[in-house]
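Any read-out appearing in this document is the output of simple, stated calculations on the displayed coordinates, not a laboratory observation. The model shown is predicted, which means the values in this text are computed figures rather than measured ones. Backbone-built Cβ (ideal geometry, glycine too); neighbour counts: all protein chains shown.
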Amino acid sequence: MDGSAPESSDLLEKVLLPVAHEDDAAKTARALEPYDPTGVTALHVVEKGGGAPDKTPVEQSEEIAAESFAAVRRVFPDADDHTAYARNVVEAIFEAADEVDATAIAYRSRGGNRLLQFLSGDRSLKLVTRARRPVIALPVEERKESP
């Protein structure tokens, strides 16, 4: 594959849905649900340390992935799942999109303050500016005001 998006008249035919953990997966799936995608593949990227110790043990990461996929399937029962192991999360998302022949990547910004975004390299910015296929930024749930 040449890295370009597959030809399709339906942007939501095969949506790749990156998720970080169970709560994030549930919120992201609910944010995508109103758009009624034809197909969904949930993606969990296990961040590798690149010479340093991994952020979490592999067994724990795989458990987080399984919980995340289950949360997506509560909204999209027929969703596929895909796990990637990589140092660069954004590149792993792009590679997974190629592997599953996604028509689009849909994500929900995880926010954070400016310092956190700076330190993480602002993955959202990289995701939308370096993508080789359409990227859909899903709305973030409204936060409830405390009395």
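Observations, loosely collected:
- Segments 78-87, 57-66, 34-43 sorted - mean Cβ within 10 Å per residue, highest first: 34-43, 78-87, 57-66
- Full-extension gain in nm, residue 30 to residue 125, via 0.36 nm per residue minus C-alpha separation: 32.0 nm
- Fully extending the segment from residue 101 to residue 60 would add 12.0 nm, taking 0.36 nm per residue of separation and subtracting the current Cα-Cα distance.
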